[in-house]
Every structure is written in C-alpha cells, then in structure tokens.
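Structure, as structure tokens:
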Amino acid sequence: MFGWNIRKRGDGSTSFDDGVGAVSGAWVLGRPPGVTPGLLIYVMVDSVAATLDAIVSNGGEIVQPIGADALEITARFRDPGET
C-alpha cells in the first residue's frame, strides 16, 4: 500500500522501512486486534486518493473519507485482518 520495503530482521521478525528510508519499524504478531478506538498512526503518502483506492481494492475499509480533518489531507481505514 505505502511503498515500504518489507524485510526479515536478524531475529526473524517482519519489519519495514518507509519509501524514503526515514522510518523503520516492526510488527508484533500474535496480539488480538483492538476493538475500541485508540492509537491512530498516520502514514505520509504521495497521493491519499490513490492510496485509498489501493486499500479498498485489497480488502480494506475506509472509515473516514478524505476531508474530515480540515486543514490536513487525511483519511482513515481499517485493516481487512481486523475484526
């Protein structure tokens, strides 16, 4: 979705580097999905509209369309693996 480099770390965990090499992280597996709103993570992309199209075409759900956060161009989506 975001042009990240997905890789395996030396300890075997799955990690990522963003498209410009400024942000890195790793996913923690085996946790149940959150069911109440909590932490929001914002991902900078070249085109919010194109990214939303890719999210929907891969099974994601848009839960807040573009324009709801005035002054910023944002949207919110739900991961298709989240229940």
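The values are calculated or read from the model by the stated rules, or taken from the named source; none is laboratory data. Everything quoted here is computed from the prediction, not taken from an experiment. All Cβ positions, even for glycine, are placed from backbone atoms using ideal geometry, and neighbour counts span all protein chains on display.
Is segment 30-46 home to any residue that is touching a helix residue (DSSP H, G or I) at 6+ places or on another chain (Cβ under 6 Å) and in a strand (DSSP E or B)?
No - not one qualifying residue is present in segment 30-46.
With VAL56, VAL28 as the choices, which residue is β-branched (Val, Ile, Thr), at pLDDT 85 or above and under 15 Å from the mean Cα position of the chain (by Cα)?
VAL56
With part of a loop (DSSP other than H, G, I, E, B), touching a strand residue (DSSP E or B) at 6+ places or on another chain (Cβ under 9 Å) and exposed (fewer than 10 other Cβ atoms within 10 Å of the Cβ) as the only criterion, which of GLY12, GLY21 stands out?
GLY21
When you scan segment 2-53, how many residues do you find that are among the hydroxyl-bearing types (Ser, Thr, Tyr), within 22 Å of PRO65 (Cβ to Cβ) and free of Cβ contacts under 8 Å to residues at least 40 places away in the same chain?
So the answer is 3.
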